[in-house]
Structures are given as structure tokens and as C-alpha cells.
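Reading through the C-alpha cells given below for one structure.
The values are calculated or read from the model by the stated rules, or taken from the named source; none is laboratory data. What you see is a predicted model; the values in this text were computed from it and never measured. Note that each Cβ is placed from the backbone with ideal geometry, even for glycine, and that neighbours are counted across all protein chains shown.
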Amino acid sequence: MLLDAAMKSSNSKNSKARVFTYYSDGKVHQDTLVDYRGRLPTHSLVDSVTGVRFIIDSLRINISAIDKSGKLLWKTDPQTDAQLMKYRVERPTIVYFGWCTSYRKGEICITYENSQFGSLNKETGAFFMMGQD
């Protein structure tokens with residue numbers, strides 16, 4: 001479970017690399033920020049009405065829903081659970097994880113590195129495939 005997160009800078013010879021530092025499974029992890037716009041990628045979302053937290057794991061494969069008391073409501077690997085066909089890569093990772101703003105508003109939208117995309121139902125974690133480019 002994601003317990004603590006902080007953004008730090010680390011120096012390299014050529015540039016300053018930003019990393020996301022967090023504590024999970026008894027270990028400290030650091031992920032390089034890879035957002036193509038130079039922004040901090042989202043690792044968790046919070047439903048402002050219910051207080052449920054939706055957390056994507058550090059491998060950017062599994063998404064979990066955790067209620068305010070810390071109880072796991074559901075956990076899903078959308079690609080496997082929805083039995084998506086292999087497309088372009090053997091095992092795609094999620095490159096976008098955020099709230100849907102128009103079509104399927106109120107659900108969680110995700111996009112995979114192979115261009116497959118869809119939304120997750122907040123209550124069940126069920127994935128709805130919207131397409132692929």
C-alpha cells in the first residue's frame with residue numbers, strides 16, 4: 001500500500017532527473033518521472049464524495065480501490081481481467097491514469113503504452129474497452 005510519497009530531485013552529469021519516492025511493501029521505491037509533458041504522473045486518485053483512494057502500483061499494471069478505513073475494495077489488472085488481445089507489445093503498462101472528463105464521466109480513464117484505452121467502474125473495477133489506435 002502506498003504510505004508516503006514525496007517528489008525529490010537527483011543530480012546527474014547531464015541533467016536533473018526528478019523522481020517519485022514512496023514506501024510500499026516494506027521498501028522505499030523511486031520511480032523516474034516519465035510523463036511526456038514533464039509533469040508528475042498520477043499514482044493515486046481520491047473520490048471526493050466517498051473518500052475511496054484508487055492506487056496504481058509501481059509497475060503501472062494493477063489498480064486497487066481502498067476505502068477510508070484502509071479496507072481493500074477491489075484490485076484489478078485491467079488488461080488481464082478484461083482479456084484484452086495482445087497488441088504491439090507483449091505486456092503493456094498504463095501510461096495515463098486519471099478521471100474521465102467527458103465520455104464515461106466519473107469513471108477512471110486509463111491508456112496503455114500500446115494505445116489501448118478504456119475506463120474503470122469505480123465501484124467494481126470492471127474495465128470497459130473504448131478502443132485502440
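From the list Arg88, Arg53, which one is of a type in the set (Lys, Arg) and at positive phi?
Among Arg88, Arg53, only Arg88 is of a type in the set (Lys, Arg) and at positive phi.
Reported count of residues in the range 118-128, each being polar (S, T, N, Q) and surrounded by 18 or more Cβ atoms within 10 Å (Cβ to Cβ), is 1.
Going residue by residue through the range 18-35, is there one that turns out to be modelled with pLDDT of 85 or more, of a type in the set (A, V, I, L, M, F, W, C) and not in a strand (DSSP E or B)?
Taking the range 18-35 first, the residues modelled with pLDDT of 85 or more are none.
Taking every residue of the range 18-35 in turn, none turns out to be modelled with pLDDT of 85 or more, of a type in the set (A, V, I, L, M, F, W, C) and not in a strand (DSSP E or B).
Residue count for the range 79-133, restricted to those that are aliphatic (A, V, I, L, M), assigned to a loop (DSSP other than H, G, I, E, B) and either within 21 Å of Ser48 (Cα to Cα) or out of contact with any helix residue (DSSP H, G or I) (no Cβ under 9 Å at 6 or more places or on another chain) (or both): 3.
I'm checking my understanding of the structure. Among residues of the range 64-117 that are of a type in the set (Lys, Arg) and at pLDDT below 90, which one is surrounded by the most Cβ atoms within 10 Å (Cβ to Cβ)? Checked the range 64-117; the qualifying residue surrounded by the most Cβ atoms within 10 Å (Cβ to Cβ) is Arg104. Only one entry in Leu59, Leu120 is in contact with a Ser or Thr (Cβ under 9 Å, 6 or more places away or on another chain) and either modelled with pLDDT of 90 or more or polar (S, T, N, Q) (or both), namely Leu120.
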